[in-house]
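The values are calculated or read from the model by the stated rules, or taken from the named source; none is laboratory data. Just so it is clear, the model here is predicted, and its values are computed rather than measured. With ideal geometry, Cβ positions are generated from the backbone for all residues, glycine too; neighbour counts draw on all protein chains shown. Note: areas computed on protein heavy atoms with side chains; ligands, DNA, RNA excluded. Shrake-Rupley method; radii C 1.70, N 1.55, O 1.52, S 1.80 Å.
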Amino acid sequence: MHTAPEQLLAVLEALPYAAIVQGADDRVVVANRRFAEMFDLDGTGVPYSPGAPLGPVVRAVCATFAEPPSWMADGVHAIAARRFHRTAEIPLADGRTIRREVEPLHDAGRNLLGSLWTAQDITEQKRREHALERDNRTLAELARQRNEFLAHASHSLRTPLASVISFCELLDDPASGPLGPEQRSFLDAVHRNARRMERVITTLMETTVLRAPQLTLEFGPVDVAQLLTHAVLDRMPATGAAGVFVVLDAVPGPPLRGDELRLAHVLANLLENAAKFTPPGGTVTVTSAVDAEHWTVDVADTGIGVPADYREEIFSGFVRAPNAEDGGFAGTGLGLALSREIVRRHGGDLTVTDAPGAGRPHGAGGPDGGVVSGAASGAVFTLRLPLAGPDGTPGTAER
């Protein structure tokens, strides 16, 4: 080593970890105070000053290891033969864990001068890593139990619910005898709420299946314009009954690699929500656009909108915005969580923003046929999907 030991020691003392430099002659060039403290060299009486033999230092250090290193069987001088960078995490007998690194030192002519050994106490870091791994295992088990419970509960509820719906339909049959106005009202309420429960159970089961890690989506070419057209036409009876006008502007473009059935489910949910939260006389507008890498689909409405503080919360499951709760709109808060999960498994995302012109006045038909004045906030749900699918592979894939 051409650097004076005093200068080299000053450099090593400035390091935040234990360090020792060995020479090519298997002697200590210099060691910092952290190195001596980490391995209690002063307590063992082993000399580690410049020029001291390396063998006793190596033995003292290895004596603190939880297990002797395998290379000790070949003698301590095997340490001097290392000419490449090495790193290892070593547990000590006192419960600590250190990260040891060896860096060979060369002169300008690439001749080996020795090695720099450093050791850093990573006990706390390893403790946090182990705690995180433990927590992840616990969360995975809780998720498994949750999915198992939801699947069991959904299945158990479906059987009696199917009987309730069947008897409602049987009683509604004129062959079962006439019903008075009040009886008809009661039967309609039972039938309506039974169907609502059926939809909730179906959503729960789909959410459980979709969250399962082994679920595989069936990818293939999807004609986006056709997908949007079918989605709007399929929901036309419901939107018409709600008194909502639907506008579709679907541009032609290249096929999207995706699961057509799952994406149709997403669009159906967004259209159903838009119609539900838009007052009679309002408008739902579905538009699409495509660039070199993505399809973008917007479902905009002139309804109650989504408060800014809830634009992420509503995608988490079982969460509904306050204006939806206060307005008495039916729902579980699961549909949007399921829809975002489907979109993200396609490599895309589903977000919500204010509709353009939010806050403009609008008129909506009131219960007596009059006009209810107010301000239309509205919302825009945006699907952004990569053309090539989640793995970024160009072209289409076989189903």
Practice prompt. Kindly provide the set of residues from segment 239-266 that are open to solvent by less than 10 Å² (accessible area, probe 1.4 Å) and within 32 Å of the chain's Cα centre (by Cα), ordered by number.
Written response: LEU256, GLY258, LEU263, VAL266
Worksheet item: What is the one condition in (1) of a type outside the set (A, V, I, L, M, F, W, C); (2) more than 26 Å from GLU198 (Cα to Cα); (3) touching a residue at least 24 places away in the same chain (Cβ under 8 Å) that ARG340 does not satisfy?
Response: (2)
Worksheet item: Restricting attention to segment 113-123, does a residue exist that is in contact (Cβ under 8 Å) with a residue 40 or more places away in the chain, open to solvent by 60 Å² or more (accessible area, probe 1.4 Å) and not charged (D, E, K, R)?
Response: yes
Worksheet item: List, please: which pairs have Cβ atoms under 9 Å, are six or more places apart or on different chains, and start with a residue in segment 173-189 that is exposed (fewer than 11 other Cβ atoms within 10 Å of the Cβ) and end with one that is in a helix (DSSP H, G or I) and modelled with pLDDT of 80 or more?
Response: GLY177/LEU171
Practice prompt. Only one of these is of a type in the set (Val, Ile, Thr) and over 18 Å from GLN120 (Cα atoms): VAL58, VAL46, VAL30. Name it.
Written response: VAL46
Worksheet entry | Close pairs (9 angstrom Cβ cut-off, 6 or more residues apart or separate chains): open to solvent by 70 Å² or more (accessible area, probe 1.4 Å) in segment 130-155, among the basic types (Lys, Arg) and assigned to a helix (DSSP H, G or I) anywhere | ARG146/ARG211
Worksheet, complete the sentence: Picked from segment 267-301 (must be open to solvent by less than 20 Å² (accessible area, probe 1.4 Å) and of a type in the set (S, T, N, Q)), the residue nearest to the chain's Cα centre (by Cα) is SER288
